[in-house]
Amino acid sequence: MSRRNVTNRFGLDARWFQVLDELRSSDRLDPKDLIEAAWAQGMSVRWQDLISILRHDTTGAILPPEFVLNFLDRLLSQHSIERALDPWANAGIMLTALLEQGVAKTGVGIVASAGDLFVAEAISGNLSAEWRLGNMASGDDPPLIDSFDLIVSIPPFNLPMRVEELEVSGSVVTVRDSASHLLILRSCLRLDDTGRAIFLVPNSFLTSRDENDSVLSRLPDFGLYLNTVLSLPEGTLTPWTNIPSNLIFISRNERSQLFVGRLDPSMDIQALVENLSEHKAGPIRELGALVDASSFRSWQTFVLDQEIKEIGSRNRLSSMRLEEVVAEIFFADRSKNDSFSPTENSVYLPRIGSSPAVTNIDELRIKPENYAQLVIRPEIAFAEYIANYFNSELGQKVRERWASGFIPKLNKSTLRRMPVFLPTPETQVAVVDTSRTIRELRIQLDELERKLWAQPRRVQGIRRDLKSLTEENSIESWMASLPFPLASILRRYHASADVRARTEYLFHFFEATAQFICCVILSAFRSNPAFYDQRRARWADSGGTHRAPSAWTRSEFGSWVVLGKRLAKFTREMLSDKDQVPFCLSLFKTRSFDLPTALSYKDLFEALEAAKNLRNDKAHSGEAGDLQLTRRLTMLEGELTRVHKALGYAFDGWLLVRPGFGRKRDGIHYYTVENLMGSDAIFMEIRDVRTITDMEDGRIFLLDQAVGDPLEMLPLFRMMPSPSSSENACYFYNRIERSGVRWVSYHFEQDPEIVAPDPDLIEVTRELSL
């Protein structure tokens, strides 16, 4: 994002244009230079100005997110705080904000450089702030008063390990941890009996509990206790880092249970504040849960544990530890370059990654030393069932939850403790038999396809064999799982007997699919404004290298395919990076890989591009005869099969909704919504759909029902009544004209086009054209 756009977006003083122009040649925006340049223009500088501008500077120190500052203001304003300390104040923004908001009466901030000291003094003005030079991360602690009511800070991330010996009650305690975490401990030693310390930290602070000499494990030795952990949304610290981060609360008051929750600016912050203040559980885990502190490692792990229990409970499966199911667990010896001894009823489970578990030693996909051989007790379970369990959604979550280390890996200890959800042995037998039937059916289908191409003249007989294999119409089933904007067009294709009409409907379906998928991915990316503003230059190239900046004033099939390819590639890159996966899923408001993976599948866009090329060929050819029409339809149906295979049933578990009546109770929103899934234009209403954030009337949202965090759709399509009949119809953006925005419907023939003013759509096209 350009600096001029930064000032426009955040409503800064217009004189910042000149200040930023003067500093345009700088590789990074130095806060000291910013302030001096602003002063030269006769401007005063607020801490809000620095956050707005410097949040786009990836080389500087991490700045406090404004929603975190607002949360602290709301939480702490009910307390009388005399003295606050920021032991790693950087430019002094966090302490200045809290003093200005009246959270504390006086404050002391430790800054590591003369430049930071200059900035802190400049923005704090006449506030009761005292700034001191020092570097508490290296042990250079300046003299301080005995105690503070409040300590709040963002320590640096990932500093090297240090060993310190600290005296407490006449004894010396050895602590070995990151210098960042040791800064937290030494700061907390200055906490008074009723005060609290609040730090923004990565997950590594919490996972360090497993180390005997870590700060977290040693806190009780100093009369200090971790009381609260609030997870922050993925991407909160973008552009500095995508490492999962948390607000932790430490005090001298020991609690029997740890309060955990999710601090998300789109949720009901007041409900979270009330639950935290009263140390009580909320109606959903995001608004507060009480957990055993010794077992808590991170919010992500906690949610995985909850999901695992919920899936097992929903399927009425009993849980056992893996050690109860196996007779032996063997690892291959890498030093001897050996493998495993084939043993009856064994499962070979990958210890790293998500490769499938197998029951045959010849099917290993990675090196044997990266597997565990599980010898299953035959009276409890069948190896084939256990292997497929570990390959299922539930099993993958279990594997992810119990893998540990810098490169997550399963060891013997974690393997033994892993939960296995098992039905009765009789049900296991039925499941395994049914699975084998499905595989056999797949083999028969593959054989029919081979015969079809080897002996095309036998097509009628092969058709009869195919019909005998399945009675269900797969297109009908698929249509019911798709959002209405796509299913409605597919319904028209499926219902028509005319070759020309079927061909046109398929062309419309492919173009609408490209536009709809771009809409979903763009909506996901735009759900995090900082991420969207910083990264959109990688995909928002007006649809093609040679297109003018105004190209998005017209919707074109080819433009959507080009844009979709870029968005899909960017999504695949995030999903292939384990550090980026949680952030990527958070953009889509889901915890499941299925939809983001399907929408970014490479073959999906190859099929759409092939359909686009077929349409271009049609446009440049003459009137087609019956044979040519049939050939064109056959080719399009081939591409439809590829799209069907790529998307599959990825929208299962999702709703496309238009909210109606809503109410709120205990921080949770309950809506009556119109369900815009499937091909039926009479939309069914669903009552009491729960969401953790509100949904604006008149907007359309995509909702993963398992998460309840609605993703607002960009207005690239509209659900509206047709002018002539008031029937429900879907209209896709077509182009911008002088009289308004032209919308086209690919399924409603009575009113196929509508022109109406739409400033929201125009804003979206402007963003795409930057």
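Under the convention that each Lys and Arg Cβ holds +1 and each Asp and Glu Cβ holds -1, the size of the dipole of the range 451-524 around its Cα centre is about 440 debye. For the chain, a simple Cβ point-charge model (Lys and Arg +1, Asp and Glu -1, everything else neutral) yields a dipole of about 1780 debye relative to the Cα centre. The Arg74 and Leu290 beta-carbon pair, evaluated with R₀ = 22 Å, returns a calculated FRET efficiency of approximately 0.55. Peptide packing: for 528-535, 276-283, 583-590, 510-517, the average count of neighbouring Cβ atoms within 10 Å per residue gives the ranking 510-517, 583-590, 528-535, 276-283, highest mean first. From its DSSP helices (H runs of at least four residues, each -39,500 (n - 2.57)), the chain gives a residue-normalised ellipticity at 222 nm of -12500 deg cm²/dmol. Within the range 736-764, list the residues whose amide N lies under 12 Å from a label point set 7 Å along Cα→Cβ of Asp697. The answer is none. Based on Cα atoms of the range 647-770, Rg over Rh with Rh as the Kirkwood radius reads 1.00.
Sorting 230-238, 706-714 by their mean Cβ neighbour count within 10 Å, with the most densely packed peptide first, gives 230-238, 706-714. How big is the antiparallel share of DSSP beta bridges in the chain, given as a percent to the nearest 5? That works out to approximately 80 percent antiparallel. Under the simplified labelling scheme, the Ala495-Glu606 pair shows an inter-label distance of 3.5 nm, with each label point 7 Å from Cα along Cα→Cβ.
Think of the chain as a dipole: +1 on every Lys or Arg Cβ, -1 on every Asp or Glu Cβ, centred on the Cα centre; then among Leu703, Leu99, Pro342, Pro342 lies furthest on the positive end. Extension gain for Ile438-Ser355 works out to 27.8 nm (0.36 nm per residue, less the C-alpha to C-alpha distance).
Residue by residue, the range 238-250 carries 3J(HN,Hα) couplings of 5, x, 6, 7, 10, 4, x, 10, 8, 9, 10, 10, 10 Hz when phi is fed to the Karplus relation 6.51 cos²θ - 1.76 cosθ + 1.60 (θ = phi - 60°); x denotes Gly or Pro. Taking every C-alpha pair closer than 8 Å and separated by at least 6 residues, the mean separation divided by the residue count of the range 476-544 gives a relative contact order of 21 percent. Among His508, Met136, Ser295, whose Cα projects farthest towards the positive end of the dipole of the chain, with charges put on the beta-carbon of Lys, Arg (+1) and Asp, Glu (-1)? Projecting each Cα onto the dipole axis, the largest value belongs to His508.
Taking a straight line from the alpha carbon of Lys367, these lysines sit under 17 Å away, with near neighbours fewer than eight places off in the same chain left out: Lys336, Lys409. Across the chain, C-alpha contacts under 8 Å between residues 6 or more apart give a mean separation that, scaled by the residue count, equals a relative contact order of 8 percent.
Counting only Cα atoms, the range 406-485 measures 60, 36, 33 Å along its principal axes, largest extent leading.
Cross-link partners of Lys412 among aspartates and glutamates, defined as those whose alpha carbon lies under 16 angstrom from its own and excluding same-chain residues fewer than eight positions apart: Glu323, Glu324, Glu328, Asp333, Glu369, Glu400. Along the Cα-to-Cβ line of Ala756, 7 Å from the Cα, sits a label point; which residues in the range 645-676 have backbone N less than 18 Å from it? Under cut-off, by backbone N: 657-660, 674, 676. The HN-Hα couplings worked out from phi for the range 293-299 by the Karplus form 6.51 cos²θ - 1.76 cosθ + 1.60 (θ = phi - 60°) are 4, 5, 9, 7, 10, 5, 4 Hz, whole numbers, x standing for Gly and Pro. Stretching Gln628 away from Leu159 to a fully extended chain increases their span by 162.0 nm, per 0.36 nm per residue minus the current alpha-carbon distance. Tell me the angle of helix 66-76 to the major Cα principal axis of the chain, expressed in degrees between 0 and 90 and rounded to the nearest ten. Orientation of helix 66-76: about 50 degrees from the principal axis. Computed in the context of the full set of protein chains, the accessible area of the chain at 1.4 Å probe radius has 47% of its extent on carbon or sulfur. For the range 641-686, averaging the sequence separation of C-alpha pairs within contact (under 8 Å, six or more residues apart) and dividing by the residue count gives a relative contact order of 28 percent. Placing dummy labels 7 Å off each Cα toward the beta-carbon, the span from Glu393 to Glu369 is 3.7 nm.
Between Glu685 and Ala430, the FRET efficiency estimated from the beta carbon spacing at R0 = 41 angstrom works out to 0.65. Full extension of the chain between Arg535 and Ile407 yields a length gain of 43.3 nm, computed as 0.36 nm times the residue separation minus the alpha carbon distance. Within a straight-line Cα-Cα reach of under 26 Å, Lys565 can be paired with the following lysines, leaving aside sequence neighbours fewer than 8 residues apart in one chain: Lys578, Lys589, Lys602, Lys612, Lys618, Lys645. Scaling the Cα radius of gyration of the chain by the globular reference 2.2 N^0.38 Å produces a ratio of 1.09. Applying the Karplus relation 6.51 cos²θ - 1.76 cosθ + 1.60 with θ = phi - 60° to the range 575-587 yields 3J(HN,Hα) values of 5, 8, 9, 4, 6, 9, 4, x, 5, 4, 5, 5, 5 Hz, where x marks Gly and Pro.
Amide H contacts for Tyr371 (H built 1.01 Å from N in the peptide plane; partners 5 or more residues away or on another chain; cut-off under 5 Å): Ala332, Arg351.
Accessible area per residue for the chain, computed on protein heavy atoms with a 1.4 Å probe, is 46 Å².
The values are calculated or read from the model by the stated rules, or taken from the named source; none is laboratory data. A quick note: this is a predicted structure, and the numbers were derived from the prediction, not measured. Positions of Cβ are generated from backbone atoms using ideal geometry, with glycine treated the same way; all protein chains shown enter the neighbour counts. In case anyone asks, the SASA skips ligands and DNA or RNA and just uses the protein heavy atoms, side chains included. Shrake-Rupley method; radii C 1.70, N 1.55, O 1.52, S 1.80 Å.
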